[in-house]
Amino acid sequence: MTIQEIYQRAIKLGIQNDLRGQTVVKRKLQCVNEQYKELSSEKKKEFDTEALTNPFSDTRMFASDPQKQIKRILAGIDMDTGEVMLAHELSKDKPIDLILSHHPIGPALAGLHEVMDLQAEVLAQYGVPITTAESLMKIRLDEVSRSVSAANHSRVLDSARLLGYDMMCTHTIADNMVATYLDKLLKKEKKNIERVGDVLKILKTVPEYREAMKQKAGPMLFTGSPERHTGKIAVTEVTGGTEGSKEMYEKIAQAGVGTIIGMHLGEEYKKEAEKHHLNVIIAGHMSSDSLGMNLFLDELEKRGIEVIPCSGLIRIKRFTTKKKPTTKRKGKKK
Ligand SMILES: [Fe+2]
C-alpha cells in the first residue's frame with residue numbers, strides 16, 4: 001500500500017464506524033464543500049482544503065511522497081522525537097517506512113477541537129436536545145481550541161523531516177472504531193446486562209482490556225457501584241477528540257441515561273457525573289486507544305504491511321494469516 005492508500009483507508013474506516021452514521025458524515029462533508037465554494041479567494045487561501053475530503057481534522061498525513069510504498073510501520077499512541085529516534089535506530093536493521101501516531105500531531109493537534117461537534121450529535125441520539133448539546137459543546141470546543149493553541153505542534157514533524165521520515169496520525173478514525181466496537185459488543189450482550197458489574201465483566205473479555213488489567217490499567221468504575229442498575233447505557237466518552245463538557249452530565253441524566261462508558265475522566269468531571277447519579281465506567285485510555293488502532297492496523301497487516309508497536313500500543317491482532325496449502329506428494333501405492 002502507498003501512504004496515500006493507507007490515509008484513504010483510514011478516512012473510509014472512520015466514516016464507516018462513525019456513531020452518527022455514514023449519511024450524516026457525508027452530508028456534513030458536502031456542506032463544507034458548499035461553504036468553501038462560497039468563500040472569497042482570500043478566505044480560500046486560509047482554508048484547510050484537506051477538510052473537503054476528510055471529515056476528521058485530527059487525522060492527517062505528512063508525507064513527502066504520498067505514492068511511496070509502505071512495507072513497515074512504527075506505530076504507537078504518542079509519537080514524539082524519542083519515537084522518531086527509535087525509528088531511526090530500528091531502521092538500521094530494516095527500514096521503517098512510516099511513523100504512525102494515534103494522538104494528533106502538527107496541524108492535526110491544532111485542529112483537535114474541530115472533531116468535537118461529533119459528541120453533540122451522538123448525545124442527541126441518546127436523547128439530549130441537540131440545541132443544548134451543541135451550545136454546551138461549543139463552550140468546551142473553544143476551551144480546547146485555546147488550550148492546544150499554545151502547544152509546540154510541529155516539534156515531532158520537524159524531527160521526522162530532519163531524519164527523512166513520513167508521518168501520519170489517526171485519531172478520531174481509530175476512536176470511532178473503538179466506539180462502534182463497544183457499541184456492538186454491548187448490544188450483542190444486552191440480555192446479559194442488568195447491573196453495572198455486568199458491563200465491567202463484559203469489557204474485561206476484550207483482549208486489550210484483559211492485557212491492561214495485568215498492567216493495573218484495566219476497566220474501572222469511577223462513579224456508581226457494580227450492584228447498581230445500568231439504566232440506559234451510552235458510549236459517549238470514547239470518540240470526538242477529548243473530554244466533552246462537564247455541564248453535559250446533568251443533561252445526559254435528564255435524557256434518561258444511567259451509565260456512561262468512557263476512556264478517561266478528570267476529577268471535576270467525575271464529581272459532576274456523581275452529582276447527577278450517573279455510573280461512569282472508564283474502560284482505560286491506552287487500552288482503548290490500542291483497541292482502535294488495532295482494528296485499523298489489522299486492515300494494514302492483512303495487506304502485507306509489517307507493524308512494529310511502541311509507545312503504549314498493546315498490539316493484538318484479530319485475524320490469522322492463511323497458510324498456503326501444502327501440496328501433498330502422492331506416494332506410490334505398494
Ligand atoms: Fe487517547
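So which residues in region 221-238 are in a strand (DSSP E or B) and either β-branched (V, I, T) or within 16 Å of the ligand (Cβ to nearest atom) (or both)? Spell out how you get there, then give the answer.
Narrowing region 221-238 to residues in a strand (DSSP E or B): 221-223, 229, 232-237.
If the condition is that a residue be in a strand (DSSP E or B) and either β-branched (V, I, T) or within 16 Å of the ligand (Cβ to nearest atom) (or both), then T223, I233, V235, T236, E237 are the ones that fit.
Yes/no per residue for (1) more than 20 Å from C31 (Cβ to Cβ); (2) surrounded by fewer than 16 Cβ atoms within 10 Å (Cβ to Cβ); (3) aromatic (F, W, Y):
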{"position": "M61", "(1), (2), (3)": "yes, no, no"}
{"position": "Q67", "(1), (2), (3)": "yes, yes, no"}
{"position": "A75", "(1), (2), (3)": "yes, no, no"}
{"position": "M85", "(1), (2), (3)": "yes, yes, no"}
{"position": "I96", "(1), (2), (3)": "yes, no, no"}
{"position": "L118", "(1), (2), (3)": "no, no, no"}
{"position": "E121", "(1), (2), (3)": "no, no, no"}
{"position": "P129", "(1), (2), (3)": "yes, yes, no"}
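Name the pairs whose Cβ atoms lie under 7 Å apart, with the first residue in region 56-76 and modelled with pLDDT of 95 or more, the second among the aromatic types (F, W, Y), and 6 or more positions between them or separate chains?
Close Cβ pairs (under 7 Å, with a partner that is among the aromatic types (F, W, Y)) amount to M61/Y7.
Limited to region 68-110, what total is found for residues that are within 13 Å of C169 (Cβ to Cβ), away from the ligand (no atom under 16 Å from the Cβ) and part of a loop (DSSP other than H, G, I, E, B)?
1
Looking only at helices (runs of 4 or more DSSP H) that lie completely in region 147-216, which have at least 1 residues being farther than 22 Å from R318 by Cβ?
Values: elements: 155-163, 172-188, 196-203, 207-214.
In region 147-216, 155-163, 196-203 are the helices (runs of 4 or more DSSP H) which contain 1 or more residues that are farther than 22 Å from R318 by Cβ.
With respect to T205, is the statement that it is of a type in the set (V, I, T) and either within 16 Å of the ligand (Cβ to nearest atom) or at positive phi (or both) true?
Numbers: of a type in the set (V, I, T): yes; either within 16 Å of the ligand (Cβ to nearest atom) or at positive phi (or both): no.
No: the conditions fail for T205.
List the number of the failed condition for E194; all other conditions in (1) under 26 Å from S290 (Cβ atoms); (2) touching a Ser or Thr at 6+ places or on another chain (Cβ under 8 Å) hold.
In the conditions (1) under 26 Å from S290 (Cβ atoms); (2) touching a Ser or Thr at 6+ places or on another chain (Cβ under 8 Å), E194 misses (1) alone.
The values are calculated or read from the model by the stated rules, or taken from the named source; none is laboratory data. What you see is a predicted model; the values in this text were computed from it and never measured. Heads up, the Cβs are rebuilt from the backbone with ideal geometry, glycines too, and the neighbour counts pull from every protein chain shown.
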